[in-house]
Amino acid sequence: MAGREFCTVFAIFVTAFVQLPASVFLAPQAGHSECGFLHCNKWKKDALNVHLVPLYRHPNFLKTEHSLKDYLDSGHQQIVESYIAELVKDPTRRFLETELTLFSRRLKSSNEIDQAAVKTLVENGQLEFGTGSLTSSDEVTSTYIDLLDSLSSGHRFLESTFGKCSVPKSAWQQEQFGHSSAQASIFANSGFNGLFVSNINQRAYNRRYFHKTLESLWQTSQPIGKTSQIFTSVLFGNDGFTEGFCFDLSKCNNSLVDNKIYSAIDQRTRAEKFIQWIQFQRNASRSGHLLIPMVADFHLKPAQEWFQDIDSFIKLMNSATDDMYLLYSTPSCYLNAVHEDDLKWPQSPKDDFEFLPRSSEDVGRYVTRSKLKRTHRELSSKLQAGKQWAAISRFDSLTKHLQFLRDAVALSLQHTVLTGSSSIEAIAGFQRTFENADRAFDDMFSFSADSVLGTRTGSSSTHVFCEQKLTEMKCQLTEQITSGYFVVTVYNPSPRSQSYLVTFPTPKGKPQNYLVTSPEGTKLAVDVVPEPSLGAGTGQYRANFMAAELAPLSFTSFHVSVLPEDENNRPKQELSADATSDLVFENHFYTLTMDASRGSIKSLARKDSPHVRIHLRQDFLVYTQQNNPQLSKHTFLPDNEIANLLSDSTKVTFIRGDVLTEIRIRAADKAMHILRLFPGSDAIESHWLLDTTKIKFTTDLKSNFAFYTDSNGKHSVKRILNYRGSHKNISRFGEDVYPVTSWAFLRDDLISGLPRQFTVITDRTQAASSFRNGELEFMLYWPRDKEESPTGDSLLHGVHKFVLDSDVKSESSYKTEALSTSRAPILSFRPEESSASDWMVRGTTKMSLLKKPLPENVVLTSIEPWAQDSLLLRLEHLLENKQNSDKSGQTAQARVDIMELIQPAPKSVKETYLTGTYYRVPALTWKPETGEEIQLPPHEEHENTGIITLNPGEIRASPFPSEVNCSVTGRELASSTTNDTHDTSPRPRGHHFMTPDP
């Protein structure tokens, strides 16, 4: 590697996602038995025990960034200081902290908080952290890798700050707008004893109350089985609040009992009312324990009065009856108490119907702030790439820059931000955090690319980053170069090889000619085409070439020579379609037939599978929302369930190039749809720039009113019209709409043999449904987004990818395309002085961060710096269905030899939880009503051959020690140790807003 020798010694953590092997479940470590339940307040075995859990709700970023900062600097600081002081006074008191990032900021900035005292409170079990994610992450509109990143980083911070006992043992998800089986699966395999949820579908809640199944064992992942189940408790009332009682003195201006306005009779009356409420809750409970959240809503400044009031209430209630016993508690202590009752519990299936939002009032959250959801997805991809570079290079400066990306992803993942509950002013303020992350990423890319490819000489090369836009693309470097050379550097952050269309604008009004040279010296095809535009042509051109077969986790450079105009090499022409006949377009995999009169797809057929052919129509439609001021801004309740056509007035043109075939459909100068077929791709791209609310696909598939959506991009869940699970859905229209983070598909559910499957991959979270047999429709954005937009601009640019195949082969195809979409390659442009021949011999032109490719059915989920001299690596089995094999015919089980993936080989292996933490007591085991109890095996240390075996749906990993031997020449990012005048200091400014320092 030119001018640089990188570390190849890794300490790798590999964790199990769904089924943890024998070595995962650890016996208590010597000296850490206090991490158990010894410090829980004692309960009474002959009474109904009511566990009071004090906590407060945060502002959830509903304010502007400025007012939120004021809150953090004043109100929140008083809250934390106040409740910590009260916990120190009385060892029986408890508190649940649910927002880790805000807490950590106060801990570092306050002079009044004794960190040693806080650590003692944690060790004593008085202060417990709920879930332990960096932020209160949204579950249904984010991807599982983002949820896992937030959880892992939070647990790492807790363990490094407060010790091993601080890592949470229960997941507290009270505020989220719905829940997902993929998130629950993460909890199940991160050592959690249980999960607390609220805001589930209201009728599902009522059924669970009636059948006493508010607490059950959630089977979160069907392919692997019962080892992924987690004890799940739906908070009483479906929100956790106690009817008729307010536990927030500042908000309610009253007291539970300890107040002069209450006489002895009033106190007895309130005690009787509380007993009635508890009895109502007891009717739905199977154990002798109930949990009551004592929630203060943003206003917990007078913690002294608050705790004193609860103290008095406990004393009053415990003296009023012998059948009920109130005590301070935490979620973990409650779970342990319920577990000691030694009961058998009902089981809930993987399908997360009942854990989606209550009703149509929450459906709009799936698509609100569509552009922000796309920003979040792009930041997530950049974070994964940045972690890869920081893990391999081991430079501290890259790790520090990585913090800005963690900030941005954590902020955008917060549930009120990602679902649109935060104000538009707050989002505008948070944009600064996102911009800091982008600048940090650009610096990381430039430094890493120059280091890996050996292009850094006396000074840093200048990388220019140009956004790949559908229209009006800007790139100063390529628009100014009319002769000479430049280099395009492409990084593929995906764990799979992929091809990527590189596009850049030519000089204004000039259809320039280009010669592109690959790293191997091959001359690549280049198409110069008119730029797409909504209205009349702009006279601008852009050049396209294909960066083919980019290796996983690799940098690849392409040399571009700018040539003079050549009459024999003119731009590709945009041809008008004959509206009287069908248009037929082909690539290696598909035959696509278009109805030119309507500008719509007519049919799609696989060329390699003659029986796989469907009639297909794609329509762009609008909903008209009911104008009712009483409706929530997220309520999905259109005036008409049959949406109106956007426009029948279309103009169809097409370009047949050497690089791709492009069909352009324009509607009344206000919307544009572009279809792209690439020669070697089994996915068709559908780009759209329009002001509409949904896209509908109509097929001849015999779907039996069923369709499938993903759960956080991890596995698929079957949906049936008018049903939630096995229960008939008789509610409003919106409850048949489900979130889609990565894909949704239809297939022949009524046809034997080789049924067809049509899959659509999304570029951000959207919503999908199927209201008629063979139809699949996507809601793109919420009409109120336009009302809240500062510019009033509602045109939305997005991408769908289509995959058609038999259902046996489809899983590998659509998951591979979903990876390509979520981990799209990132590219830069930089000027070059040398010709292609000199450029090829002067430095490295491509380099992969992996020693060899992974098997076709295995992907590298993530790799990042972790503990000292170690990394955290996760490997994942791509397939979910045990009956499936990938296209190469591999069996369901996969094997990876880490010895051949990286060097040197590990000497010993330990298993960890999914989050990378492993100094933990064993998780509780729960007895199901049917079947055998799941016995979790003890932890073992063993020699490892380096072979990792993955079953469908698993993510596995192993930590093993290494001897770090980094011999690096050159300089680090932001170093000032040389005489180079080029400023390589990091451009982001300001503090890390969200993420606690590791």
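Values as computed for the structure displayed
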{"read-out": "Gain in span if fully extended, residue 574 to residue 929, counting 0.36 nm per residue against the direct Cα distance", "value": "121.2 nm"}
{"read-out": "Those residues of region 475-506 whose amide nitrogen sits under 14 Å from the label point placed on residue 548, 7 Å along Cα→Cβ", "value": "498-502"}
{"read-out": "Residue 277 - accessible surface, heavy atoms, 1.4 Å probe, Å² rounded to 10", "value": "30"}
{"read-out": "Label point at residue 38 placed 7 Å out along Cα→Cβ; residues across region 162-206 whose backbone nitrogen lies under 17 Å", "value": "163-167"}
{"read-out": "Highest average packing first - 78-88, 190-200, Cβ atoms within 10 Å", "value": "190-200, 78-88"}
{"read-out": "In sequence order, calculated HN-Hα J values of region 683-691 (Karplus, 6.51, -1.76, 1.60; Hz; x Gly/Pro)", "value": "10, 9, 8, 10, 9, 9, 10, 7, 10"}
{"read-out": "By average C-beta atoms within 10 angstrom, highest first, the peptides 126-134, 508-516", "value": "126-134, 508-516"}
{"read-out": "Spin-label pair residue 47/residue 119, simplified geometry with 7 Å Cα→Cβ offset, distance in nm", "value": "3.7"}
{"read-out": "Efficiency of FRET between residue 319 and residue 851 - r from beta-carbon atoms, R0 51 angstrom, step 0.05", "value": "0.15"}
{"read-out": "Simple label model, 7 Å out from Cα along Cβ direction - residue 482 to residue 304, nm", "value": "7.8"}
{"read-out": "Estimated distance in nm for a label pair at residue 893 and residue 947, the labels positioned 7 Å out from Cα along Cα-to-Cβ", "value": "0.9"}
{"read-out": "Two-site FRET efficiency, residue 239 against residue 280, from Cβ-Cβ distance with R₀ of 22 Å, rounded to 0.05", "value": "0.90"}
{"read-out": "Estimated FRET transfer efficiency when R0 is 22 angstrom, pair residue 273-residue 85 (beta carbons, to 0.05)", "value": "0.10"}
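The values are calculated or read from the model by the stated rules, or taken from the named source; none is laboratory data. If you're wondering where the values come from, they're calculated on a predicted model, not measured in any experiment. FYI the Cβ positions are ideal-geometry reconstructions off the backbone, even for glycines, and counts take in every protein chain you see. SASA here: full protein model, heavy atoms, side chains in, ligands and nucleic acids out. Shrake-Rupley method; radii C 1.70, N 1.55, O 1.52, S 1.80 Å.
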